[in-house]
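*Asks:* Here it is, the structure in full.
The values are calculated or read from the model by the stated rules, or taken from the named source; none is laboratory data. Since we're looking at a predicted model, the values are computed, not measured. We place every Cβ from the backbone using ideal geometry, glycine too, and count neighbours over all the protein chains shown. For the accessible areas, the whole protein counts, side chains as well, though only heavy atoms, and no ligand, DNA or RNA atoms are used. Shrake-Rupley method; radii C 1.70, N 1.55, O 1.52, S 1.80 Å.
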Amino acid sequence: MKELSIIIPTYNRKLILEKSLNSLLNQSYPKEKHEILIIDDGSNDDTEEFLKNKKLLGPDIKYFSQDHKGPAAARNEGIKNSRGNIILIVNDDTIATFDLIKQHMDFHREHPQVNIGMLGFITWSPKIEITPFMKWLENSVWQFDYQHIKGTDATWKRFWTCNVSVKKKFIIDSGLFDEGFPYASWEDVELGYRMSKENFVL
């Protein structure tokens with residue numbers, strides 16, 4: 001049994017996915033305690049062959065493929081095939097800091113209640129050029145608004161699947177993601193809303 005399962009939906013983004021995986025493979029947390037599940041949502045850019053050639057797949061980095069049904073369905077596929085008690089969901093362009101996994105695991109050890117999850121921080125990579133529009137977007141309410149979080153309660157409205165973790169039992173009991181959302185379009189926040197009806201705390 002793994003302690004944590006990292007779920008990554010992807011679609012035609014093999015180059016940035018490679019960077020994301022490399023960041024997750026170089027973590028301070030012991031590799032044998034977590035797994036990575038990549039769910040390919042019908043890519044046509046040879047993602048699987050690319051990852052195999054880069055030697056990025058293995059016993060604890062599993063690859064699943066499905067017809068193009070959207071990230072909600074892809075995440076559900078990953079969760080159903082996961083072995084960890086904690087589910088960490090990231091995007092295929094999330095470049096993890098060295099201690100990202102450790103931070104999530106430390107949080108869940110301190111908060112073992114099944115209904116408590118953790119939202120991790122996301123910002124633009126310092127390795128890319130940050131345009132004025134990107135600076136505005138980051139501080140607007142249209143992408144992320146971390147600056148408006150009061151205390152430690154992010155609320156269900158910020159159940160953002162770029163860097164969020166939750167107990168597997170709770171997310172399954174809440175009904176998983178609604179696969180009626182075919183695109184990335186607030187399907188994560190909608191699940192956050194449903195989980196809030198079961199006293200979810202983020």
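*Asks:* Considering only the stretch 144-182, state which residues are open to solvent by 60 Å² or more (accessible area, probe 1.4 Å) and either farther than 20 Å from K80 by Cα or of a type in the set (S, T, N, Q) (or both).
*Replies:* Q147, H148, K150, G151, T152, D153, W156, K157
*Asks:* Over 15 Å from the mean Cα position of the chain (by Cα), closer than 19 Å to S20 by Cα and modelled with pLDDT of 95 or more: is that true of F107 in this structure?
*Replies:* Criteria not met by F107.
*Asks:* Which residue, of K69, K33, is of a type in the set (D, E, K, R), open to solvent by 40 Å² or more (accessible area, probe 1.4 Å), at pLDDT 95 or above and within 22 Å of A184 (Cβ to Cβ)?
*Replies:* K69
*Asks:* Can I ask one more? So which of M105, M134, M118 ends up being touching a His at 6+ places or on another chain (Cβ under 7 Å) and at negative phi?
*Replies:* M118
*Asks:* Of the numbered conditions (1) at positive phi; (2) surrounded by fewer than 17 Cβ atoms within 10 Å (Cβ to Cβ); (3) of a type outside the set (S, T, N, Q), I16 satisfies every one except a single condition; which is it?
*Replies:* Tallying (1) at positive phi; (2) surrounded by fewer than 17 Cβ atoms within 10 Å (Cβ to Cβ); (3) of a type outside the set (S, T, N, Q), I16 fails exactly one: (1).
*Asks:* Against the definition (over 26 Å from K127 (Cβ atoms), touching an Asp or Glu at 6+ places or on another chain (Cβ under 6 Å) and in a loop (DSSP other than H, G, I, E, B)), how does K2 come out, yes or no?
*Replies:* Yes.
*Asks:* Right, another one. Within the stretch 36-54, count every residue that is farther than 15 Å from I7 by Cβ and either surrounded by 15 or more Cβ atoms within 10 Å (Cβ to Cβ) or not basic (K, R) (or both).
*Replies:* Count: 11.
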